[in-house]
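> After the C-alpha cells below, expect a handful of questions from me.
The values are calculated or read from the model by the stated rules, or taken from the named source; none is laboratory data. Please read these numbers as outputs of a predicted model, since none were measured by experiment. Cβ coordinates were reconstructed from backbone atoms using ideal geometry, including for glycine residues, and neighbour counts include every protein chain displayed. Please note that ligands, DNA and RNA were not included when accessible areas were found on the heavy atoms of the full protein model with its side chains. Shrake-Rupley method; radii C 1.70, N 1.55, O 1.52, S 1.80 Å.
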Amino acid sequence: MRRVGRDSIEALLTTVFKLPFVTAGVTTYEYHDLRLVGAGVAILRSRAVRTGQQLPDGTVEAPRRINHLRVFVRQDGRWEIVSHLIGDERTPGRAR
C-alpha cells in the first residue's frame, strides 16, 4: 500500500493498528545497519522477526521476516525519515 503525505499515512496506520490481530505478537530485530552516505543523509537497513502475529481469523502465522530500508535526512538539526520501504520475506508459492 503506497501512501504519500503525513495525513494519508497517519490515517492508514491508525486504522491498521486498531485491529487486534495486527498488534498480536512480538517483534525482535536481527540487525540494524546504519550508513552515512553523504552530508546529512543516512540509510538504515534492518530486519525484523515477528512471532505470534495473527491472521484476521485468529490463526497464528509462522514467524515473519520483514526488511526495512529507511532514508534519513538531517533537517533543521533533526534527523527525519524521508522514505521507508518495507518488504516482507516470503517463500515464493507459499500461501500467506
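> Does the stretch 57-70 hold any residues that are modelled with pLDDT under 90 and in contact with a Leu (Cβ under 8 Å, 6 or more places away or on another chain), and which are they?
61
> If you don't mind, another one. Within the stretch 45-54, is even one residue open to solvent by 70 Å² or more (accessible area, probe 1.4 Å), touching a Ser or Thr at 6+ places or on another chain (Cβ under 9 Å) and part of a strand (DSSP E or B)?
No, the stretch 45-54 contains no residue that is open to solvent by 70 Å² or more (accessible area, probe 1.4 Å), touching a Ser or Thr at 6+ places or on another chain (Cβ under 9 Å) and part of a strand (DSSP E or B).
> Still on this structure: So, of the residues in the stretch 1-27 that are among the polar types (S, T, N, Q) and open to solvent by less than 80 Å² (accessible area, probe 1.4 Å), which turns out to be modelled with the lowest pLDDT?
So the residue we want is 23.
> Determine which single condition residue 30 fails, assuming it passes every other condition in (1) in a loop (DSSP other than H, G, I, E, B); (2) modelled with pLDDT of 90 or more.
Just one mismatch for residue 30, condition (1).
> Also: Please count how many residues of the stretch 34-62 are over 15 Å from the mean Cα position of the chain (by Cα), within 19 Å of residue 88 (Cα to Cα) and not hydroxyl-bearing (Ser, Thr, Tyr).
The qualifying residues number 7.
> In the stretch 28-41, is there at least one residue being hydroxyl-bearing (Ser, Thr, Tyr) and free of Cβ contacts under 8 Å to residues at least 12 places away in the same chain?
Scanning the stretch 28-41, I find no residue that is hydroxyl-bearing (Ser, Thr, Tyr) and free of Cβ contacts under 8 Å to residues at least 12 places away in the same chain, so the answer is no.
> Which of the residues belonging to the stretch 59-76 are assigned to a loop (DSSP other than H, G, I, E, B) and either of a type in the set (Val, Ile, Thr) or open to solvent by 40 Å² or more (accessible area, probe 1.4 Å) (or both)?
59, 62, 63, 76
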